[in-house]
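Q: To start, I am sharing the structure in question, which I have written as structure tokens.
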Amino acid sequence: MDAEKVAELRKKRAFRKFTFRGIELDKLLDLTNDELMDLVTARCRRRMSRGLKRKPMALVKRLRQAKRDAPPGEKPRGIKTHLRDMIIVPEMIGSIIGIYNGKQFCGGGDEAGDDRDVSGGVCVYV
């Protein structure tokens, strides 16, 4: 697809504007980590100040790869993870994450658009 068709598809698919505490997604993506830490709660600030460990960074890398591999205008493939306590950063918006609830992966593109499964786990469509 060329750039004109991609732009045409984006115009056709109008989504609601995503905001976090009054700041739109475009501006959130431009924020540095220090500016982002000012917006989140104290628990998230503490955890972010201590740095992202190996497993959360691996998840972010896999989400980036899934977004990069997705064709323009399509959803990226679902990524499965056991990280239930991961802080959602603006870079993760637009990804599909399947979170393991102890029995099965909830979400991740396996369910048909439902945000709850029978065991009560919440699926994440970030």
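What follows draws every value from the coordinates through simple rules; no lab data is involved. This structure is a prediction, so every number in the text was calculated from the model and none was measured. No Cβ is skipped: glycine too gets one built from the backbone with ideal geometry, and neighbour counts run over all protein chains shown.
Q: What is the set of long-range amide H partners of residue 79 at a cut-off below 5 Å, with H atoms built 1.01 Å from backbone N?
A: Here 96, 97, 98 satisfy the definition.
Q: Treating only the Cβ atoms of Lys and Arg (+1) and Asp and Glu (-1) as charged, compute the dipole magnitude of the stretch 1-90 about its Cα centre; round to the nearest 20 debye. Provide the component values of the computation, followed by the final result.
A: Working: 26 positive and 12 negative charges, 132 e Å.
Its charge dipole is roughly 640 debye.
Q: Quick one: of 80/103; 5/27; 5/75, which pairs are farther than 20 Å apart, Cα to Cα? Kindly include the intermediate steps, with their values, before the conclusion.
A: Numbers: 80/103 13 Å; 5/27 26 Å; 5/75 17 Å.
Beyond 20 Å: 5/27.
Q: Another one. Could you tell me the relative contact order of the stretch 1-102? Use alpha-carbon pairs under 8 Å, at least six residues apart, and round to a whole percent.
A: Working: 69 pairs, mean separation 22.7, N = 102.
Across the stretch 1-102, relative contact order equals 22 percent.
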